[in-house]
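Worksheet: one structure, shown below.
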Amino acid sequence: MNNNFDELIVSFMADQCGISGNFLSEGLALRLAANLKNLFTGGLLNPAGTGNETLAVFNRSVRGDQIYWLDRGHNDITENDFFDLMDGFVAHLNTTCYTGITGYEFHYTLYETGAFYKKHLDQFKTNSSRQFSMVMYLNPGWIAADGGELCIYPKGIAQLIAPMNGTSVFFKSNELEHEVLITHKPRMSITGWLKRD
């Protein structure tokens with residue numbers, strides 16, 4: 001597993017954005033996708049806003065995804081397997097890079113057809129606890145015509161990352177502007193942040 005962790009870290013150090021195709025196992029990615037589909041079918045996803053919990057703004061002309069927060073309190077075996085993976089990654093990151101990460105938060109994310117998220121930074125202006133952003137895609141059979149790319153701007157130059165199943169992305173929350181381009185079919189991921197309080 002450390003090889004997958006290192007792939008994410010080394011590519012991040014080289015280009016402001018770490019990318020790995022194997023951070024999530026295929027089995028875990030499939031189970032997380034199934035959970036997300038069930039949550040959507042059950043009407044449990046909520047519109048995502050911008051800003052923090054006290055200043056949240058809901059504007060679909062800026063951000064059109066729906067989310068559901070993962071929580072160990074759900075006692076869901078798939079979510080707990082994901083958290084076990086993240087615990088291992090945070091321990092490895094802190095040991096090898098001395099990042100001092102003390103926690104994290106993650107949610108399921110669904111962009112329905114036509115949804116997008118305009119360019120932004122992930123760290124709040126009033127709260128600097130978010131240190132690193134992570135996105136892990138859950139989209140089997142994704143092709144270029146499906147759209148929904150993550151557009152990042154390392155050194156101010158646009159770079160597109162397709163939301164291919166199993167691809168994981170890792171970057172500094174306060175440094176890398178990014179946006180989600182219009183998706184032409186439902187687009188799923190786990191999205192979240194490694195935090196230092």
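The values are calculated or read from the model by the stated rules, or taken from the named source; none is laboratory data. Everything numeric in this text was worked out from a predicted model, so none of it was measured. Cβ atoms come from the backbone with ideal geometry, glycine included; neighbour counts cover every protein chain shown. To get the accessible areas, we keep the full protein, side chains included, count just its heavy atoms, and leave off ligands, DNA and RNA. Shrake-Rupley method; radii C 1.70, N 1.55, O 1.52, S 1.80 Å.
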Solvent-accessible area per residue, Å², over region 83-197 with all protein chains present [probe radius 1.4 Å]
42
If R0 = 30 Å, then residue 182 and residue 22, at their Cβ-Cβ distance, give a FRET efficiency to the nearest 0.05 of 0.60
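Cα-Cα over 22 Å: which of 37/195; 118/185; 125/172; 119/185? It would help to have the intermediate numbers written out before the result.
On the way: 37/195 27 Å; 118/185 18 Å; 125/172 14 Å; 119/185 20 Å.
Long pairs (Cα-Cα over 22 Å): 37/195.
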Distance in nm between label sites at residue 172 and residue 96, each 7 Å beyond Cα in the beta-carbon direction?
1.9
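What is the dipole size for region 91-197, taken about its Cα centre, with +1 at each Lys and Arg Cβ and -1 at each Asp and Glu Cβ, in debye to the nearest 20?
180
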Listed candidates (1) 40, 39, 37; (2) 48, 39, 33; (3) 48, 30, 30 - label of the one calculated as Cα extents along the principal axes in Å
(1)
What residue among 159, 21, 4 has its Cα farthest toward the positive end of the dipole of the chain, where the charges are +1 on Lys, Arg and -1 on Asp, Glu, each on the Cβ?
159
Would region 84-197 count as rounded, prolate or oblate if I go by the C-alpha gyration tensor, calling it rounded below 1.5 in a/c and otherwise prolate when a/b exceeds b/c, oblate otherwise?
prolate
